[in-house]
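These notes concern the structure reproduced below.
The values are calculated or read from the model by the stated rules, or taken from the named source; none is laboratory data. If you're wondering where the values come from, they're calculated on a predicted model, not measured in any experiment. Here Cβ is always computed from backbone atoms with ideal geometry, including for glycine, and neighbour counts include all displayed protein chains.
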Amino acid sequence: MSAPPIRVGLFVTCLVDFFRPSVGFAAVKLLEAAGCAVEVPPTQTCCGQPAYNSGDKADAKAIARQVIDAFEAFDYVVAPSGSCGGMIRQHYLALFADEPALHRRAQHLAERTYELISFLTDVLKLDRVEARYDGVATYHDSCSGLRELGVKEQPRKLLRSVAGLRLEELPGAEICCGFGGTFCIKYPAISDRMVADKAADIAATGADTLLAGDMGCLLNMAGKLTRLGKKVRVRHVAEVLAGMAGETPPIGAAAERS
Amino acid sequence: MQPTSRAFKENAQRALGDANLQKALGMMRTGFPAKRAAVVARLPEFDALREQGKAIKDHVLANLDLYLEIFEQNVVARGGQVHWCRTPQEARETVLAICRRLDAKTVTKGKSMIGEEIALNDYLEQNGVTPVETDLGEYIIQIRKERPSHIIVPAMHLVKEQIADSFRQTHKDLDPARPLGEASTLVAEARTVLRKRFFAAEVGITGANFCVAETGSTVIVTNEGNGDLTQSLTKAHIVMASLEKLVPTLEDLSTLLRLLARSATGQEFSTYTTLSTGPRRPDDTDGPAEYHVVFLDNGRSAVIGTEFQDMLRCIRCGACMNHCPVYGVVGGHAYGWVYPGPMGAVLTPTLIGVDEAGHLPNASTFCGRCESVCPMKIPLPRMMRHWREREFQRKLSPPPHRYALRAWAFVAARPPLYRFATTLMSRVLGWVGAPRGRFRSLPLAGGWTRGRDLPAPQGRSFMSLWAERRKRSA
């Protein structure tokens, strides 16, 4: 008799839910292929980061409590985002530092919350995927995943197992793209210059595909690349690893007319 | 100095359009991080050293009264004097009083950010004392009547052609045929002019990178040697210092010195490390007759015990700004006061008030690169967030942002309402955006779409598709 499957609660993230559900389905496919039973609690909305980073602790706490309520029963919580993953893993603890009961629950949740790709490699010990993608891809390290969760080698390791894909490293891959959540709304001109520099670095690699693990950065970089007329296909890394890139146009691109 | 931090956005806009500044920043963005990374890679124990450095500073901050007293006792025991100054005005007056007593007409100055903080040069000039900056970068911005744009590279914002122009305008007896095209020729020209000024000065003012309690020494690190001439040729040496500089012992000093140069310039050690311990002794060959340490508080002691205390560990290496993507495109002047970049975004509101400097802790993507390179492991993003909390509580952030945030949070805390709103909006935007897959402009998103497209949603929200899938499989 086999062990019962690992119960994973998928934290979809507000940007994937709204802009790009295909990333959520790619995450489900990867998790199910690795033997997880995936559930999607319907009471989730956002991790609360916009409020938290705007200094609005009361609203951040209300939303964080909602996440704790929805997800604490699962074996693991997985998000296709280092940013939301980092919020739940690190910052909920700070939010509830003065409320012992909630802090304990936040701690319990934090210990079992992961960013998708690092969950696949570090917890499920996955070292390859069955997928094909024909192209030269470069990879941008989103800041929260990189610095809060240590996501660096994990996506590269799995991408190397994708048939047909060649990985071309991006110079300055660890430099912020300028998205920064509400930053891009509060300081759009600065944000735009940062992403312009990033787009130039991406174009200079000669890669035909840009991958990353966070929807916010991807929307920002894709939006700049299309505005500049660069023919770079931008996708969430999960879509490529799940072998689902053929099912939907890249971010910011129109569906091809048949 | 009148802060312009309230105009951060306008300052930044100007900076983004300044071709010379952008060229200078481009060189900095690649230069400093690469040098630091290389030198850190050669020192496997660098991270352990950071922990030690942090522990030293935390220990000092926990026992500050003790070490301040020991420091003063040791300065006095060696014939020097410590002046405790609560405010910038007290510090300025203290310096001026020493200059007046010694009938000083000219003072030479090594680099001092405390000097900038109290706008010492302006004050001395207004009172008939001519300050001469002797650090090359400080000298350049002094003749250009500018402020430092970086805490260790004051003229970081300039390219060498601008510096050559300034020298030709200011140095009246400069031979027009003398070439100034290279950094080395610029240095030679500045040396020629400054050499005379060193001998003319009655008082020398320097900053302090560290103050060592057990010996009463102050320490400066430079790459030009200008600080040594500033303090040894004059009648009096005045050291400008603040709480952040204090370390217990020489052993602790050596730990911090190993961190400082590597973090700052990517050097293993700065060219000159100078310890000054009291005035000239009878058997010394040279040195100042008087030795003064002006210790400025300016609100720092009030930071102890607050959520901003960790900021007092700062050793002013500049690594945070060298690695900051925002500083990297707007430069230091945009921040509108003395301290720019991430450390300035935390420190400036403590010194001039968050009402004045409210933009600074907001102008960060929280990418965390500053904290990851900080030799003192100061949680800079966390403290910027604390400032944002205070701003939010006091309703200092712009009302449209606040209302939009509250409205969003209201919906986000009500899942059915959130589901309804997002499902509808992603449908509408997905449908409108489908032909191109993106928007070139969109109401309420003008800031974003001015320079970049907004990718269109795929059209259905994940949650609605997931609900359908569940229904089908049920």
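Inside the stretch B:4-14, can you point out the residues that are more than 9 Å from chain A (Cβ to nearest Cβ) and either closer than 9 Å to B:Gly331 by Cα or not small (Gly, Ala, Ser) (or both)?
Correct list: B:Thr4, B:Arg6, B:Glu10, B:Asn11, B:Arg14.
For the stretch A:50-85, a residue qualifies if it is within 23 Å of A:Asp141 (Cα to Cα) and assigned to a loop (DSSP other than H, G, I, E, B), and the qualifying residues are A:Pro80, A:Ser81.
Residue by residue through the stretch A:219-233, note down the ones that are within 22 Å of the chain's Cα centre (by Cα) and either touching a residue at least 60 places away in the same chain (Cβ under 8 Å) or more than 10 Å from chain B (Cβ to nearest Cβ) (or both).
Our first condition is that a residue be within 22 Å of the chain's Cα centre (by Cα); within the stretch A:219-233, this holds for A:219-226, A:232-233.
Across the stretch A:219-233, the qualifying residues are A:Leu219, A:Met221, A:Val232, A:Arg233.
For the stretch B:321-375, residues that are under 14 Å from the mean Cα position of the chain (by Cα), hydroxyl-bearing (Ser, Thr, Tyr) and closer than 24 Å to B:Ala19 by Cα total 3.
I'm trying to understand the selection: among the residues of the stretch A:176-222, which are of a type in the set (Val, Ile, Thr) and in contact with a strand residue (DSSP E or B) (Cβ under 7 Å, 6 or more places away or on another chain)? Lay out the reasoning, then the answer.
Start the filter on the stretch A:176-222 by keeping residues that are of a type in the set (Val, Ile, Thr), which leaves A:182, A:185, A:190, A:195, A:202, A:205, A:209.
A:Ile202, A:Thr205, A:Thr209, listed by residue number.
Determine whether A:Lys230 is in contact with a helix residue (DSSP H, G or I) (Cβ under 8 Å, 6 or more places away or on another chain), part of a loop (DSSP other than H, G, I, E, B) and of a type in the set (D, E, K, R).
Values: in contact with a helix residue (DSSP H, G or I) (Cβ under 8 Å, 6 or more places away or on another chain): yes; part of a loop (DSSP other than H, G, I, E, B): yes; of a type in the set (D, E, K, R): yes.
In short, yes.
For first residues located in the stretch B:197-221 and assigned by TED's automatic domain parsing to the domain that holds B:Ile98, partners that are acidic (Asp, Glu) and not in a loop (DSSP other than H, G, I, E, B) and lie 6+ apart or on another chain with Cβ distances below 8 Å form the pairs B:Val212/B:Asp252; B:Gly216/B:Glu72. In the stretch B:354-405, counting only helices (runs of 4 or more DSSP H) that sit wholly within it, the ones holding 2 or more residues that are farther than 29 Å from A:Leu146 by Cα span B:354-357. Counting only residues that are assigned to a helix (DSSP H, G or I) and within 8 Å of chain A (Cβ to nearest Cβ), the stretch B:420-445 holds 3 of them. Among the residues of the stretch A:180-195, the one identified as more than 7 Å from chain B (Cβ to nearest Cβ) and without any contact (Cβ under 8 Å) to a residue 60 or more places away in the chain is A:Ser191.
Of these, B:Val294, B:Val346, which one is within 17 Å of B:Ser242 (Cα to Cα), modelled with pLDDT of 95 or more and not assigned by TED's automatic domain parsing to the domain that holds B:Ile152?
Working: B:Val294 fails: not assigned by TED's automatic domain parsing to the domain that holds B:Ile152.
Of B:Val294, B:Val346, the one residue that is within 17 Å of B:Ser242 (Cα to Cα), modelled with pLDDT of 95 or more and not assigned by TED's automatic domain parsing to the domain that holds B:Ile152 is B:Val346.
The residues on offer are A:Asp59, A:Asp75, A:Asp17, and the sole one that is over 23 Å from B:Arg382 (Cα atoms), of a type outside the set (Lys, Arg) and surrounded by fewer than 24 Cβ atoms within 10 Å (Cβ to Cβ) is A:Asp75.
In the stretch B:76-111, which residues are part of a helix (DSSP H, G or I) and among the polar types (S, T, N, Q)? Quick ask: steps written out before the conclusion?
Going residue by residue through the stretch B:76-111, those that are part of a helix (DSSP H, G or I) are B:76-77, B:88-101.
Result: B:Gln89, B:Thr94.
For the stretch B:63-85, the count of residues that are at pLDDT 95 or above and within 20 Å of the chain's Cα centre (by Cα) is zero.
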